[in-house]
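Down below is the structure, laid out as structure tokens.
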Amino acid sequence: MQAFFVGATLVVLAAVVPCLYRILRGPTIIDRIIGVNVVGTKTIAVIVLVGCIFDRVEFFIDIAIVYALISFVGTLALSKYFERKAVLQREATR
Amino acid sequence: MTALAVAFVSAGVFFLVTGAAGLIRFPDFYTRMHASGKCDTLGVLLVLVGIACHVGASLTSAKILLIAAFIFVASPTATHAIARSALRHQNALWPEEEQ
């Protein structure tokens, strides 16, 4: 059971790498916001899985709650900021 | 109970991976968001429900389901906010190809 959770955590962490690539390469600013949002959601899953690995789920759950709230508010703030502000950026390729 | 947990968590991880794959493969910004917004929410929900099954009925699993409910509401809202800011940011929509 433990090994299964370790494996699941490693797979989710491996799934974070494409999101980081998207953050780095994303042509437009908004692509980067998506990448940050996706990494945030995946981090919640990783936190809870790690909680299961260490058998202290009730402790890690509180961290996951706080992280979910903060990442949600962060994404809203970022998207609201970039709504009006025309940020100078390279020509937005597809 | 643990078989159920294993099933849920593996399904959740599968969706997280497909969400990440969709984030790279799709050509346009809106299609990328389409993939990542949905797959991620579902993936995290499944993982959380799976771990709630693993923990069994207790206060902790109630808290886990609380997070799942919050993410179920919050993640689509965040995706909507990003899409609206993109639209207002004059991101060109996908041009309709002439048949």
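Being touching a residue at least 24 places away in the same chain (Cβ under 8 Å) and over 21 Å from A:Phe72 (Cα atoms) is the filter; apply it to segment A:1-49 and report the residue that is nearest to the other protein chains (Cβ to nearest Cβ). The selected residue is A:Ala8. No other residue among B:Gly22, B:Gly50, B:Gly12, B:Gly43 is part of a helix (DSSP H, G or I) and either at positive phi or at pLDDT below 90 (or both) apart from B:Gly22.
When you look at B:Ile64, is it at the interface with chain A (Cβ under 9 Å from one of its Cβ atoms), in contact with a Lys or Arg (Cβ under 7 Å, 6 or more places away or on another chain) and in a helix (DSSP H, G or I), yes or no? Here the answer is no, as B:Ile64 does not meet what is asked. Yes or no: A:Thr28 among the polar types (S, T, N, Q) and open to solvent by less than 30 Å² (accessible area, probe 1.4 Å)? Yes. When the test is whether a residue is open to solvent by 10 Å² or more (accessible area, probe 1.4 Å), at pLDDT 90 or above and either aliphatic (A, V, I, L, M) or outside any helix (DSSP H, G or I) (or both), B:Val17 passes it. Being closer than 25 Å to A:Asp62 by Cβ, modelled with pLDDT under 90 and open to solvent by 50 Å² or more (accessible area, probe 1.4 Å) narrows it down to one residue among B:Ala57, B:Ala62; which is it? That would be B:Ala57, the only listed residue that is closer than 25 Å to A:Asp62 by Cβ, modelled with pLDDT under 90 and open to solvent by 50 Å² or more (accessible area, probe 1.4 Å).
Confirm whether A:Ser71 is farther than 16 Å from B:Val9 by Cβ, open to solvent by less than 80 Å² (accessible area, probe 1.4 Å), modelled with pLDDT under 90 and not charged (D, E, K, R). The answer is no for A:Ser71. Selection of segment A:8-25 for residues being within 23 Å of B:Arg88 (Cα to Cα) and surrounded by 20 or more Cβ atoms within 10 Å (Cβ to Cβ) yields only A:Arg22. All of A:Phe82, A:Phe60 fail the test of being surrounded by 14 or more Cβ atoms within 10 Å (Cβ to Cβ), within 8 Å of another protein chain (Cβ to nearest Cβ) and either over 22 Å from B:Lys38 (Cα atoms) or of a type in the set (A, V, I, L, M, F, W, C) (or both), apart from A:Phe82.
The values are calculated or read from the model by the stated rules, or taken from the named source; none is laboratory data. The structure displayed is predicted, hence computed values, not measured ones. Quick reminder, even Gly has a Cβ in these numbers, built from the backbone with ideal geometry, and neighbours come from all protein chains shown. Keep in mind that these areas ignore ligands, DNA and RNA; they rest on the heavy atoms of the full protein, side chains included. Shrake-Rupley method; radii C 1.70, N 1.55, O 1.52, S 1.80 Å.
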